[in-house]
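The values are calculated or read from the model by the stated rules, or taken from the named source; none is laboratory data. A quick note: this is a predicted structure, and the numbers were derived from the prediction, not measured. With ideal geometry, Cβ positions are generated from the backbone for all residues, glycine too; neighbour counts draw on all protein chains shown. Ligands, DNA and RNA are stripped out before the accessible areas are found, and what is left, the full protein with its side chains, is counted by its heavy atoms. Shrake-Rupley method; radii C 1.70, N 1.55, O 1.52, S 1.80 Å.
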Amino acid sequence: MRHKRIKQISTGSAHSIPFLRHRLGERSKDRCNSLATYIPLLLSASALLLVLFNFIFIHTDSTVYAEERISAYATTANPTTTLQISNSSLKDVVSPGSTSYVSSNVNITAQDIIDYTLVISGPTNLSGTTSITGANGETGSKLSNNTWGYAWSDTDTDDSTLAYSPLSPSGSTLASGKATSLDMSKKLTFAAKFADDAASGHYKANVTLSLAATPREVATGFNGIYDMQDMTTDICDSATIGQTGSLEDIRDGSIYTVGKLSDGNCWMTRNLLLTREGIEANGGTGTLTAGDSNVVEDFEMPASITKETITPTDFSNVDYYAAQIYAASIEDASSVGAEWQPSYGAYYSFTAATAGSGDKNLTSGDASADVCPKGWKLPSQKIYLNFLAASGINDLATGTDKFERIKTYFSPTGLAYDGKIHFVGARGRYWSSMVLSDSRTYALAFEDNNLTSGPYLRYSGYPVRCVAKDNRTLSDITRMQDMTPQVCENTAIGATKTLTDSRDNSTYTVEKLKDGKCWMTQNLRLMNKTITSADSDTAKTFTIPSSALWTDTSYTTPHAYYNNNTTYGAYYNWYTATAGTGTNSVSSGNATSSICPRGWRLPKSASGTGTNEFAVAVGLTNTNISAGSNYWTGLSNPSLANNALTVNDTTWAAAGYVNTNRGLLGGIDVNGYYWSSAVNNTTNAYGLFFGNSDFRPFYSNYKYDGFSVRCLAR
């Protein structure tokens with residue numbers, strides 16, 4: 001059922017007050033349905049008279065507003081609660097020494113809620129001449145003299161068999177739980193027993209019965225949809241980077257904030273909450289199907305493990321492949337030493353996270369299914385790595401910096417193993433779809449001084465964060481800016497397509513090379529354009545200058561030149577190639593931006609233990625490239641002819657470079673120079689150089705010279 005999405009919550013009936021909790025972010029005061037009971041007790045020398053007045057409804061203005069500033073936590077159109085208590089009837093007058101009862105039927109209804117709590121509160125003792133204290137749990141037939149209490153029961157239960165409890169000024173919970181609706185009928189009974197020597201008079205108590213309920217949140221929408229299961233490739237693709245909203249998972253009614261992040265993918269930005277119990281509370285069954293989930297075959301969700309039922313053998317090596325789900329709750333905070341938050345969601349073993357497809361039969365590759373909603377998927381290793389690169393987290397200097405940055409996207413929820421939740425607030429672990437062995441998988445993992453990729457044990461319990469599925473391949477897109485990591489991942493090796501750069505309508509042929517990456521096979525030639533994050537690989541606006549040769553050796557002045565030769569493309573100094581982020585103050589690491597189209601970037605030219613992407617693209621098996629070394633002999637059938645180097649089915653234009661000492665082009669048809677994002681020092685950046693019998697994928701040159709730009713997909 002689609003909920004009407006409006007800002008105002010409609011006023012209910014006389015016994016209905018919509019209730020909006022503080023945790024949703026509004027300033028409205030907490031309200032609940034509250035009924036007060038005034039109980040005078042009259043004791044005479046010959047008889048005891050117990051009188052119960054009618055319950056009085058305390059009513060306040062029932063209109064509650066969700067403020068405009070609340071976007072992710074809007075309320076449903078008509079959450080209502082009713083608390084009705086029948087007029088209490090006076091029992092027969094009894095003699096002192098006998099128990100007297102008075103009962104009322106309590107009817108509770110509610111709709112469009114998440115949970116509820118019914119609380120009774122009142123004084124332990126009755127006010128009067130003789131001390132009448134609280135009952136101690138005895139049944140009505142065995143109630144002690146000069147005591148009184150209450151009982152909460154089914155409507156047809158004999159009052160004399162009920163156990164009566166003392167009231168508490170701080171309140172006692174009669175009923176609570178998670179529910180989307182309520183229709184409950186119960187009986188509230190008061191019992192009192194006066195001794196023969198009790199003084200005559202009035203004995204009174206004010207009792208309050210309160211009902212509180214949390215209204216269901218409603219999706220505010222994302223790019224025209226309101227349900228998680230309505231997500232499609234086109235919807236995510238047409239959203240803008242940074243666009244956010246919230247969507248409802250129709251399986252259990254949970255609301256998830258979502259956003260299109262810097263990697264071009266649409267992500268859930270809250271952890272998955274899905275449990276069998278949550279689905280059933282929403283009126284469904286515990287079976288996931290292809291109609292609502294990312295599964296091919298039906299998957300039966302296991303009953304959740306809770307704080308009360310977890311044992312040391314849960315999430316342990318007793319069974320690497322057990323499908324287990326831990327339903328965390330706010331009560332876990334005391335046991336794990338940190339405050340658990342609803343956004344931390346549930347904890348899933350790998351088999352559970354992959355909806356049974358990641359069982360013992362899968363020992364390598366990616367699981368074929370998961371518990372994400374239809375239209376979403378468990379991220380692959382590549383998707384996580386691309387996200388870390390696109391968000392700049394990989395480029396941060398220290399583990400602490402990376403930990404603080406990644407916490408803005410992923411919560412440090414800890415993990416479940418050996419029957420406990422560990423490291424909440426200190427470590428983050430998130431499942432991917434990728435299996436590395438019969439016992440281990442890849443996971444996104446971070447903690448105070450480390451950012452790792454695993455491998456991690458498959459029996460542990462980690463949260464799940466889903467990313468929107470993108471089933472397109474290179475053949476399905478038309479613009480350079482349509483490229484996403486998933487499009488390239490879905491594309492077969494060797495596939496090619498001519499795409500249009502929306503910034504100037506230039507066309508480029510792109511190909512998925514044998515290194516598994518999608519590359520432009522022509523050099524960039526963008527000129528005289530102001531680029532933004534909407535169309536380019538940059539976080540800030542940057543202006544590429546008009547075409548002109550230069551002799552300027554400044555490190556912070558943009559320069560570009562294009563002589564209308566599409567084979568050679570344009571030439572850029574490093575400051576321009578990196579969209580203004582590559583200055584002489586950058587002395588290590590990689591530039592954070594480039595003038596490549598959105599979804600593309602400059603290649604990395606790492607040395608040491610890093611992977612040099614130029615080297616891998618041309619088929620070099622030794623990826624530990626030493627600075628300045630010539631690797632021509634490692635190439636497969638290199639041929640430098642017809643103005644280009646051809647190697648391993650790739651072609652690199654021998655376009656030469658802009659020599660700033662002389663203000664002219666040099667090395668045309670003889671040499672090729674390509675910028676990378678990697679920095680050597682304050683004056684030099686790395687790139688690719690090749691010539692006759694010379695191939696240096698880790699070549700250093702002055703940042704102010706003009707090199708070609710060849711982009712690869714993120």
For the range 118-241, what does the relative contact order come out to in percent, with C-alpha contacts under 8 Å and a separation of six or more? 33 percent
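Add +1 for every Lys or Arg and -1 for every Asp or Glu among the other residues with Cβ under 15 Å from the Cβ of Trp675, and state the total. Show your work: numbers first, answer last.
On the way: positive: Arg525, Arg601, Lys604, Arg696, Lys703, Arg710; negative: Asp537, Glu613, Asp705.
Its environment carries a net charge of +3.
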Could you work out the equivalent-ellipsoid semi-axes for the range 252-325, taking the square root of 5 times each eigenvalue of the Cα gyration tensor, largest first, in whole Å? 25, 18, 14
Excluding Ser533 itself, calculate the net charge of residues whose Cβ lies under 15 Å from the Cβ of Ser533, where each Lys or Arg counts +1 and each Asp or Glu counts -1. +4
Gap separating the Cα centres of the range 501-519 and the range 134-193, nearest whole Å: 73 Å
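Rg(Cα) of the range 494-630 divided by 2.2 N^0.38 Å?
Normalised by 2.2 N^0.38 Å, the Cα Rg of the range 494-630 equals 1.09.
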Alpha carbon Rg of the range 385-516, scaled by the compact-globule rule 2.2 N^0.38 Å: 1.30
How large is the accessible surface of Ile310 in square angstrom, using a 1.4 angstrom probe and rounding to the nearest 10? 40 Å²
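Would you tally the net charge around Ala653, using a Cβ to Cβ cut-off of less than 14 Å, leaving Ala653 out, and scoring K and R as +1, D and E as -1?
Working: positive: Arg525, Arg710; negative: Asp669.
Local net charge: +1.
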At 0.692 mPa s and 37 °C, Stokes D of the range 573-650 from Kirkwood alpha-carbon radius, µm² per second: 228 µm²/s
Quick check: residue separation of Ser693 and Asn505 times 0.36 nm, minus the Cα distance between them. What number comes out in nm? 64.0 nm
Percent relative contact order for the range 423-485, counting Cα pairs under 8 Å at least six residues apart, stands at 25 percent
Expressed in µm² per second, the diffusion coefficient of the range 625-714 from the Stokes-Einstein equation, with Rh the Kirkwood radius over alpha carbon pairs, at 4 °C and 1.567 mPa s, is 96 µm²/s
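What is the calculated FRET efficiency for Thr543 to Asn564, with r their C-beta to C-beta distance and R₀ = 25 Å, to the nearest 0.05? Provide the component values of the computation, followed by the final result.
Details: r = 21 Å, r/R0 = 0.83.
So, using R0 = 25 Å, E works out to roughly 0.75.
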With no solvent and one point on each alpha carbon, what is the Debye value of log10 I(q)/I(0) for the range 349-418 at q = 0.18, 0.23, 0.25 Å⁻¹? -0.90, -1.08, -1.12
Given a Förster radius of 35 Å and the C-beta distance between Ser86 and Thr285 as r, what FRET efficiency does 1/(1 + (r/R0)^6) yield to the nearest 0.05? 0.45
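Leaving out ligands, DNA and RNA, what percent of the accessible area of the range 356-495 is carbon and sulfur, probe 1.4 Å?
Details: 2180 of 4890 Å².
That fraction is 45 percent.
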Simple SL model, points at 7 angstrom along Cα→Cβ for Glu308 and Ser626; separation in nm is 6.7 nm
Whole number please: convex hull volume per residue of the Cα set in the range 95-253, in Å³? 131 Å³
Using 0.36 nm per residue of separation minus the Cα-Cα distance, give me the extension gain between Ser639 and Thr498 in nm, one decimal. 48.3 nm
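From the alpha carbon gyration tensor of the range 506-565, can you work out the equivalent ellipsoid semi-axes (sqrt of 5 times each eigenvalue) and give them in Å, largest to smallest?
On the way: eigenvalues 124, 52, 29 Å².
Output for the range 506-565: semi-axes of 25, 16, 12 Å.
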Inter-label distance for Ala199 and Ser153, nm, one decimal - labels placed 7 Å from Cα along Cα-to-Cβ: 3.3 nm
Extension gain from Thr180 to Asn317, taking 0.36 nm per residue of separation minus the Cα-Cα distance: 45.6 nm
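Return the FRET efficiency for the residue pair Thr117, Ser343: r is the Cβ-Cβ distance, R0 is 30 Å, and the value is rounded to the nearest 0.05. Walk me through the numbers before you get to the answer.
Numbers: r = 22 Å, r/R0 = 0.72.
It comes to 0.90.
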